[in-house]
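The values are calculated or read from the model by the stated rules, or taken from the named source; none is laboratory data. Here the structure is a predicted model, which means the values were calculated and not measured. FYI the Cβ positions are ideal-geometry reconstructions off the backbone, even for glycines, and counts take in every protein chain you see. To get the accessible areas, we keep the full protein, side chains included, count just its heavy atoms, and leave off ligands, DNA and RNA. Shrake-Rupley method; radii C 1.70, N 1.55, O 1.52, S 1.80 Å.
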Amino acid sequence: AMWSGLARRSRQRDEALAASDAARAELQAVLNEMDDGFLVLDRDWSVKFCNRRAAELVLRNLADMHRRDFWSLFPDDRKHEARAACEREIAHGRPYAFEEYHAHYKRWFEIRFFSAGDGIGVFLRDSTPQWEVIGELRERERRYRELFEANPNVMWIFDTQTLEFLAVNVAAVRRYGYTEAEFLAMRATDIRPADDREQFARTVQHVGADSSLKDEPSIWRHVTKSGELMLVDVAHH
């Protein structure tokens, strides 16, 4: 009876271990299919587990990641500042995240840490594509701003609800005599004779109600800072 009981418990143990190994293998397979890198670290910041994507992001073989110091993966960056901040937040059970460019890999990383029992979980994401898009948008904005600022024609942008100036170019400052700061404290009605302001406001409200701005040029009377009255051919877009 004793032998039978020991054999039964041995089988149960083996079955439990087999089930545990199967569950572990299934979990690792799922983690290895993630688009983001994922690591589990000891409290001394050494790698206990690393999925395939994390190893790819730091240009290492998966087998080489085991027991490697996490901070050694970023040798040319401000790892001391990041590590101090991470240790402080993790010690208090708080998550911590930062994003920065790592010259060693020529890419941007978003790194998120969280406490996980007696270890530390880390999500590692390549955010380079997003930063490239941001860079392209900034460059496009810079080019359009140069076209706006350097345009020899007077140009401005105003809010169709409040009529407040939002931006003016150099040509507008030069022709009307107001500084840029003065323009940005004014409304589009302020450069028109008092008799024309109500009509102008109605026109803008009508355009706004149509949810489109008309390209047809029109002649308006404008007044400069010095009081000069002039006829202006205006096109709204």
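Numbers for the structure displayed
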read-out	value
Normalised contact order of the chain, rounded percent, pairs of Cα under 8 Å and 6 or more residues apart	10
Residue among V40, Y105, A194 farthest towards the positive dipole end of the chain, charges placed on Cβ	V40
Entry for volume of the Cα convex hull per residue in Å³ (calculated from the structure that is shown) out of (i) 243; (ii) 215; (iii) 153	(i)
Förster radius 30 Å - calculated FRET efficiency between I134 and N61, Cβ distance, rounded to 0.05	0.40
Acute angle (nearest 10 degrees) that the helix 194-209 long axis makes with the longest principal axis of the chain, alpha-carbon atoms	40
Within the chain: Cβ-based charge dipole about Cα centre, in debye rounded to nearest 20 (Lys, Arg +1; Asp, Glu -1)	900
Percent RCO, i.e. relative contact order, over segment 105-237, from Cα pairs under 8 Å lying at least 6 residues apart	14
Helix axis angle, 79-91 relative to the chain longest principal axis, alpha carbon, degrees	70
Residues H236 and R187, FRET efficiency given R0 of 22 Å [Cβ-Cβ distance, rounded to 0.05]	0.90
Anisotropy class of segment 141-201 from Cα gyration tensor, a/c 1.5 cut	prolate
Heavy-atom accessible surface of segment 82-189: percent carbon and sulfur, 1.4 Å	54
Inter-label distance, nm, simple model (7 Å from Cα along the C-beta direction), F123/V223	5.9
Degrees separating the helix 128-150 axis from the principal Cα axis of the chain, which is the longest one	10
Per residue accessible area of segment 107-237, 1.4 Å probe, in Å²	63
